[in-house]
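J.: I have a structure I would like to understand better, so I am pasting it below and will then ask my questions one at a time.
The values are calculated or read from the model by the stated rules, or taken from the named source; none is laboratory data. Computed from a predicted structure; not experimentally measured. When we count neighbours, we look across all protein chains shown, and the Cβ atoms used for this are built from the backbone with ideal geometry, even at glycine. Calculation scope for accessible area: heavy atoms of the full protein, side chains included, ligands and nucleic acids excluded. Shrake-Rupley method; radii C 1.70, N 1.55, O 1.52, S 1.80 Å.
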Amino acid sequence: MKRSPLTLQRQLFGSLANSAFTLALFALLVWAGWGVLSWAFGSAQWLVLRANAATLTIGRYPDAQEWRLWLLLGMLTSLAGVSWGRLRGLNNWPLNDRIAALLFVISAVLLPWLLAFGAINQLRLIFLVLLLLLLRQWSGGAWSKAFGKWWALVWGITYVFGLWLIAGGLGLPAVRPSDWGGLVFTLLITSLTLLLALPFGVLLALGRRSGLLLVRWVCVAVIELIRGAPLITLLFVGQNLVGFLSPNGFAPDRVWRATGVLTVFAAAYLAEAVRGGLNSIPMGQQEAARSLGLSSVQTMGLVVLPQALKVALPALGGQCISLLQDTTLLSIVGLFDLLGIARSVLANPDWLGRYAEVYLFLAVLYWCSCAALALGSRALEKRLATNYS
Amino acid sequence: MQPTKQLMVQAKGVQKWYPNGFHVLRGVDLEVFRGEKVVIMGPSGSGKSTFLRTFNALEDYQEGSIVVDGMELNNDLRNIDAVRREVGMVFQQFNLFPHLSVLDNLLLAPTWVRKRKREDVIQQALSMLERVGISEQAYKFPGQLSGGQQQRVAIARALCMEPRLMLFDEPTSSLDPEKVREVLDVMRLLALDGMTMVVVTHEVAFAREVADRVILMDEGQVVEIAPPDQFFNHPKHERTQRFLAQIL
């Protein structure tokens, strides 16, 4: 629908009452905006962020091992650059490419400077963004075609390698998961949980539709029990009960226990989203596939599930965003995710009372992460949808 | 001429009840011979589609027996899979896979069921599309095609498995009138090639021209089986006369 420029005018100033409302609301907005701005540039003390930037980013990760995080970031950046370049080559790549590149450059230069990162770290970040943009530029050629075939595998291997790099062991000094923290920890546990929960959720959804009664009952029980309990209670169960029940020393690290609880929790919700998708696929699709001789597993994997996941994509994207936000509950059970580490900073007498500055910063960070997820899922939707007329 | 007529389908006393207790097939017998074209007609609710769908075990049945190409359709899942590999089916709603291109719709079963290499079957698939007259649409998606084109793709998709028997379940019933002909033309060609066909349809002209025998089903039973000339011009059974009076 095309909207004439007059429509907005009519909606805002159509009648006397409308005009009055519009002006009143506008005045309110100006007043509130002025208040925030005068606080931000006046009485707010942003030093708390500058002084704790490193803590908020990586938590209590040992300084001497910091290079491992940089190495991982470098690998992820390279992969992202190559993938971006290849995706850009597709004819229906939906994102506005130049604006995205510009945003990266601006944030890589501006943010570290605002947060007073050391000069070396600033240079490193600028180097990484250059790497990203250069790879994006170059990776249209033949050598990346081979990558196109294998990129799921390459990403997977990099991810597992990254986990090992962070955790250590096998030659590297081990860093216990309880010492991870901050933004890195939040992103890590969110991505790990999602990677585990998606296949688990699909299996639960399929099990719930299974003809085998026992399988179906178990899946229904798992889904409904999990959905019937608040996440925070499940997290407490995972942190406390599992510790009591397992013999001394055998309980997995608290981080892994939390990951397990988050995974099962997310899987139950993802399963319902997938089930909605499965229900929307007409029986005729299955019948056609079976009549061609495809087995029931092939029918599910090649015909029904790809369509169902596409239908479920908006709901799945929403669940991913919820999960990212749910990780803040980990701060309540004593883990140092982004919110947890912020609370520990605020507990330091040096920074007493700097709540507004820190929490506003966190809100912006979370908003950016969630917005990225939302944009990603919208882009995927668009890309898949153009297959139809 | 063949020395002896070979049986392709042999259905004996097939009975089926729906889970709600409705007795949909009440002892149906039918023999279809190799190369034969059989058209099944009947009012809606007569069980004709259900009967057709028992031939590749999309519907089960409780009593009687069905043997397709020498394989009995019973609870043996291997037999069911084997029969489905040899029997192609075309549906009223086309049932193309909307997430795959036209070409991939055709290649799915040969590559996954017959385990053949994509490069080896791609030529066959393209020539199959040419045969049904839509080779220029190979890289489009089903949603971009008209109903008639979609149904022709569905026929080509079934043919790519090189079936010995083709089942058509009201293949033109959900098409715009002007698209019916292009689908029937493809089916005529297929009949000329000697394909064994069982067709549930209301297209009288097609039945007259192509069928070796026409069947009237009503209330889960076969009422009359006759060559088309006799079926349409001198029906023996009173129920057939009434049915024809309504559709002709």
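J.: Near the amide H of B:M89, under 5 Å away, which other amide H atoms are found, from residues 5 or more places off or on another chain, if H is placed in the peptide plane?
T.: When sequence neighbours closer than 5 places are left aside, the close amide H contacts are B:L167.
J.: Oh, and also: Once phi is turned into θ = phi - 60°, what whole-Hz ³J(HN,Hα) does the Karplus curve with 6.51, -1.76 and 1.60 give for every residue of region A:255-268, x standing for Gly and Pro?
T.: Coupling constants for region A:255-268: 5, 5, 4, 5, 4, x, 4, 4, 4, 4, 4, 5, 4, 4 Hz.
J.: With all protein chains present, how much of the accessible area of the protein assembly as shown (probe radius 1.4 Å) comes from carbon and sulfur, to the nearest whole percent?
T.: Accessible surface attributable to carbon and sulfur in the protein assembly as shown totals 64 percent.
J.: Spin-label point model (7 Å from Cα, Cβ direction): what's the B:D76 to A:V160 distance in nm?
T.: For the pair B:D76/A:V160, the computed spacing is 4.2 nm.
J.: Please give the FRET efficiency for A:A24 paired with A:A371, using the beta carbon to beta carbon distance and R0 = 25 Å, rounded to the nearest 0.05.
T.: 0.25
J.: Another question, then. Count, for each residue of A:302-308, the Cβ atoms from other chains sitting within 10 Å of its Cβ, then give me the mean as a whole number.
T.: Counting other chains' Cβ atoms within 10 Å and averaging over A:302-308 gives 3.
J.: With a ≥ b ≥ c taken as the square roots of the eigenvalues of the C-alpha gyration tensor of chain A, please select rounded if a/c is under 1.5 and otherwise prolate if a/b is larger than b/c or oblate if it is not?
T.: rounded
J.: Probe of 1.4 angstrom, ligands and nucleic acids ignored: what's the accessible area per residue over chain A, in square angstrom?
T.: That works out to 56 Å² per residue.
J.: Any idea how far apart A:V105 and B:L7 come out in nm if each label point goes 7 Å out from Cα toward Cβ?
T.: So the label points at A:V105 and B:L7 sit 7.9 nm apart.
J.: Anything losing 20 Å² or more of accessible area from the isolated chain to the full protein assembly: pick those residues out of region B:139-158, probe 1.4 Å, ligands and DNA/RNA ignored.
T.: Buried by the other chains: B:F141, B:G143, B:Q144, B:R157.
J.: So, one more: Using protein heavy atoms only (no ligands, DNA or RNA), what is the total accessible area buried between A and B, 1.4 Å probe, nearest 100 Å²?
T.: 2000 Å²
J.: Here's another thing I want to ask about it. Can you check what the net charge comes to around B:Q93, using other residues whose Cβ is under 10 Å from the Cβ of B:Q93 (Lys, Arg +1; Asp, Glu -1)?
T.: Neighbour charge sum, excluding B:Q93 itself: -3.
J.: Also: Which FRET efficiency value, to the nearest 0.05, do you get for A:A116 and A:L214 by plugging their Cβ-Cβ distance into 1/(1 + (r/R0)^6) with R0 = 56 Å?
T.: So the FRET efficiency works out to roughly 0.40.
J.: Pop a pseudo-label 7 angstrom from the Cα along the beta-carbon direction at both A:L130 and B:D29 and give the gap in nm to one decimal.
T.: With each label point 7 Å from Cα toward Cβ, the separation is 8.9 nm.
J.: Between A:P349, A:P199, A:P177, find the one with the highest GNM mean-square fluctuation for chain A; connect C-alpha pairs within less than 10 Å.
T.: Highest fluctuation among the options: A:P349.
J.: Something else: Based on Cβ point charges of +1 for Lys and Arg and -1 for Asp and Glu, what charge dipole magnitude is obtained for region A:178-389 about its Cα centre, in debye rounded to the nearest 20?
T.: 580 debye
J.: Please report the accessible area of A:S19 (heavy atoms, 1.4 Å probe, ligands and nucleic acids excluded) in Å², nearest 10.
T.: 30 Å²
J.: Treating only the Cβ atoms of Lys and Arg (+1) and Asp and Glu (-1) as charged, compute the dipole magnitude of region B:1-144 about its Cα centre; round to the nearest 20 debye.
T.: Dipole size: approximately 120 debye.
J.: So, one more: Using θ = phi - 60° and the Karplus relation 6.51 cos²θ - 1.76 cosθ + 1.60, list the HN-Hα couplings for region B:124-132 in order, rounded to whole Hz, with x at every Gly or Pro.
T.: 4, 5, 5, 6, 5, 5, 5, 4, 8
J.: Is the C-alpha gyration tensor of region A:51-175 telling us rounded, prolate or oblate? Criteria: a/c under 1.5 is rounded; beyond that, a/b larger than b/c is prolate, otherwise oblate.
T.: Oblate is the answer for region A:51-175, as a/c is 1.5 or above yet b/c matches or exceeds a/b.
J.: Compute the signed sum of charges (Lys and Arg +1, Asp and Glu -1) over the other residues within less than 9 Å, Cβ to Cβ, of B:A11.
T.: -1
J.: If you average the C-alpha positions of region B:63-140 and of region A:331-389 separately, how far apart do those two centres end up, in angstrom?
T.: Measuring centre to centre over Cα atoms gives 49 Å.
J.: Mind telling me which of B:N75, B:N56, B:N105 comes out most flexible in a GNM of chain B, alpha-carbon contacts under 10 Å?
T.: So, out of B:N75, B:N56, B:N105, the one fluctuating most is B:N75.
J.: Pick out which of A:L231, A:L278, A:L213 has the largest mean-square fluctuation in a Gaussian network model of chain A, springs linking Cα atoms closer than 10 Å.
T.: Maximum fluctuation in the GNM of chain A, among the listed residues, is at A:L213.
J.: Something else about it: Could you tell me how many degrees, from 0 to 90 and to the nearest 10, lie between the Cα long axis of helix B:77-86 and the main elongation axis, the longest principal axis, of the Cα atoms of chain B?
T.: 70 degrees
J.: Assuming R0 = 35 Å, can you tell me the calculated FRET efficiency for the pair A:F41 and A:Q325, based on Cβ-Cβ distance, to the nearest 0.05?
T.: Once rounded, the FRET efficiency stands at 0.75.
J.: Now a separate question. For B:87-94, what's the mean count of beta carbons from other chains sitting within 10 Å of each residue's beta carbon?
T.: Mean number of neighbouring Cβ atoms from other chains: 3.
J.: Take A:Y355, A:Y366, A:Y159 and sort them by solvent-accessible surface of the protein heavy atoms, 1.4 Å probe, largest at the top.
T.: Solvent-accessible surface, decreasing: A:Y355, A:Y159, A:Y366.
J.: Using Cα-Cα distances under 8 Å and only pairs 6 or more residues apart, what relative contact order does chain B have, in percent?
T.: Contact order relative to length: 26 percent.
J.: Stretched out fully, how many nm does the piece from B:R242 to B:Q124 gain, at 0.36 nm a residue minus the Cα gap?
T.: Extra length from B:R242 to B:Q124 when fully extended: 37.9 nm.
J.: Excluding A:L135 itself, calculate the net charge of residues whose Cβ lies under 13 Å from the Cβ of A:L135, where each Lys or Arg counts +1 and each Asp or Glu counts -1.
T.: My count for the surroundings of A:L135 gives +3.
J.: Another question, then. Nearest 20 debye, what's the magnitude of the dipole of the protein assembly as shown about its Cα centre given +1 on Lys and Arg Cβ and -1 on Asp and Glu Cβ?
T.: 1340 debye
J.: Which whole-number value in Å² is the accessible area per residue of chain B, probe 1.4 Å?
T.: 45 Å²
J.: Could you work out, residue by residue across A:282-290, how many beta carbons of other chains sit within 10 Å of that residue's beta carbon, and then give the average as an integer?
T.: 6
J.: For chain A, what is the mean residue ellipticity at 222 nm derived from helices alone (per DSSP H run of n ≥ 4: -39500 (n - 2.57); sum divided by total residues; nearest 500 deg cm²/dmol)?
T.: -24500 deg cm²/dmol
J.: Can you list the HN-Hα couplings for region B:164-179, worked out from phi with the Karplus curve (6.51, -1.76, 1.60; θ = phi - 60°), rounded to whole Hz and with x for Gly and Pro?
T.: Values per residue, Gly and Pro as x: 8, 9, 10, 10, 10, 9, 6, x, 10, 6, 10, 9, 4, x, 6, 9 Hz.
J.: Right, here's the next one. I'd like the accessible area for B:Y61: 1.4 Å probe, protein heavy atoms, all chains in place, Å² to the nearest 10.
T.: For B:Y61, the solvent-accessible surface is approximately 40 Å².
J.: Another question about this same structure. Quick one: pull the percentage of alpha-carbon pairs in region A:178-226 with a separation above 15 Å.
T.: Here the long-distance tail beyond 15 Å is 56 percent of all Cα pairs in region A:178-226.
J.: Based on the alpha-carbon gyration tensor of region A:178-389 and its eigenvalue square roots a ≥ b ≥ c, which shape applies: rounded if a/c is under 1.5, prolate if not and a/b is larger than b/c, or oblate?
T.: oblate
J.: Sorted by average packing, counted as other Cβ atoms within 10 angstrom per residue and highest first, what order do B:110-123, A:51-64, A:284-297 take?
T.: A:284-297, A:51-64, B:110-123
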